[in-house]
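Quick notes on the structure that follows.
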Amino acid sequence: STFLRQTYRAWLYFTRELKGLAFLWPGLMHRIEGGVRRNLAHKVANPQLRQKIMPTTPLGCKRILLSDTWWSTLELPHVTLETDPIHHIEAAHLVTETGARHALDVLVLATGFRYQDNPMARLFKGENDLTLEEFWKKQRSAYLGMMMPSFPNFFLLTGPFTGLGHNSIVFMIECQTRWIQAALAHVTTQRKNEFRVRAQVYEAFAKEMNQRSKKTLWMQGCQSWYLDPAGRNTALWPGFSLSYWWRTRHFNAKDFEYA
C-alpha cells in the first residue's frame, strides 16, 4: 500500500540520516573503523593481501564501499591484485613501475571522473562573457549549490556543496527543484526578466560552508575528489540533508537582485 511504501522510505531515509553523525563528528567514525578493520582481518586470511586492501586513510575520508563481498574474489586462485602504479601500456601488455608485465585481453579504464575542473564549466558564459570555469578559479561554490552572481537566471542541480556521503542525492535534487519552482514563481509574479544572487550573500554562504567543512571527516588529511587543490571541500553538504531541506523550503527574495 501507499502508506507502507511511504513508511518504508521514511525508515530508509532516517536510518541513513543518522549515519551522517559519523561524518560530522569524526570520533564516532573512528570507533566504526575499528570494527571494519577487525572484520577485514577475520574474512581475509592472507596477510599480504589484507595489507594491500586495508585503507591507509580514515574510514569515510574518501567514498565508502558499502559491500565487502568482493574481498573473497581477490582470494580466488585465478585472481591477482596488482597495486603498483602503471608505467605504460603496450599493445598487449600493461607494465607497472616495478617492471612487471601483465598480458591483456581486455583493459577497463575505471579512473573516476573530473569534479573540481569539470570541462563543461568552460561552456557556460555569464555577464561580460565570463565563463563558469573562470568564475570558479577562486573557489568552486554556489549559493545553496544552485546559483552564482554574474550568471542571472542560471541554476545548477547537484552543484557545489550539495553532494552526500550518507544519504540519497535524489532527496537533495527534490529540494532544489522545489526551490527553483518557488524562485521562478516569485520572479514571474514580480514581472522581472532576470535575477541573480547578491554577491555578499554568495560569499557569506561559501564562507559558512568552508567553516563547517573544517570539522568534518573529509578534512582529516586524505586527498579525494571532494577537495579542491587548496584542500577545501567543495563537493559535499557539511551537515544533515534535513538541514538542507530546511534551508531550501522557502525562497528568500531579499537575497537576490532583479532586473
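All other residues whose Cβ lies under 13 angstrom from that of Lys125 are scored, Lys and Arg at +1 and Asp and Glu at -1, for a net of -3.
How would you rank 44-50, 17-23, 68-74, highest first, on the average number of other Cβ atoms within 10 Å across their residues?
Those peptides, ordered most packed to least, come out 17-23, 44-50, 68-74.
Qualifying GluC sites (Glu not before Pro) in the stretch 81-161, where qualification requires a DSSP coil assignment and no more than 13 other C-beta atoms within 10 Å, comprise Glu82, Glu90, Glu97. In this Cβ point-charge picture (+1 for Lys and Arg, -1 for Asp and Glu), the stretch 2-81 has a dipole of about 120 debye about its Cα centre.
Applying a 4.7 Å Cβ-Cβ cutoff to the chain, the cysteines left without a disulfide-compatible partner are Cys175. Once the mean 1/r over all distinct Cα pairs of the chain is inverted, what Kirkwood radius in angstroms do you read off? It is 21.6 Å. With 31 Å as the limit on Cα-Cα distance, the pairs of Lys137/Lys254; Lys137/Lys214; Lys19/Lys137 that go past it are Lys19/Lys137. Summary value for the stretch 98-199: 21 percent relative contact order, contacts being C-alpha pairs under 8 angstrom separated by 6+ residues.
The stretch 4-68 and the stretch 187-214 have Cα centres separated by 35 Å.
Subtracting the Cα-Cα distance of Trp25 and Tyr13 from 0.36 nm times their residue separation leaves 2.4 nm of extension gain.
Highest-first packing order for the peptide set 233-239, 55-61 is 233-239, 55-61, based on the mean count of other beta carbon atoms within 10 Å.
Straightening the chain between Arg114 and Gln181 buys 21.2 nm, computed as 0.36 nm per residue apart minus the Cα-Cα spacing. Computed on the Cα atoms alone, the convex hull of the stretch 119-258 gives a volume of 109 cubic angstrom per residue.
Hand me the trypsin sites (Lys or Arg not before Pro) from the stretch 123-181 located in a DSSP loop with no more than 11 other Cβ atoms within 10 Å, in residue order please. Provide the component values of the computation, followed by the final result.
Details: sites: Lys125, Lys137, Lys138, Arg140, Arg178; in loops: Lys137, Lys138, Arg140.
Here the trypsin sites (Lys or Arg not before Pro) that fit, given the DSSP loop and packing criteria, are Lys137, Lys138.
Which whole-number percent of Cα pairs in the stretch 2-81 have a distance greater than 16 Å? Here the long-distance tail beyond 16 Å is 62 percent of all Cα pairs in the stretch 2-81.
Is it possible to state the helix-based mean residue ellipticity at 222 nm for the chain, with each DSSP H run of 4+ residues giving -39500 (n - 2.57), the sum divided by total residues, to the nearest 500 deg cm²/dmol? What is it? Intermediate values should be presented prior to the final figure.
Numbers: 7 runs with 96 residues, N = 259.
Value at 222 nm, helices only: -12000 deg cm²/dmol.
Ignoring lysines fewer than eight residues from Lys43 along the same chain, the ones with Cα atoms less than 23 angstrom from its Cα are Lys52, Lys62.
Laboratory data are not the source of any read-out in this text; all were calculated from the coordinates shown. Note that the coordinates shown come from a computational prediction; the quantities given were computed from them, not determined experimentally. As a convention, Cβ positions derive from the backbone with ideal geometry for all residues, glycine included, and neighbour counts pool all protein chains shown.
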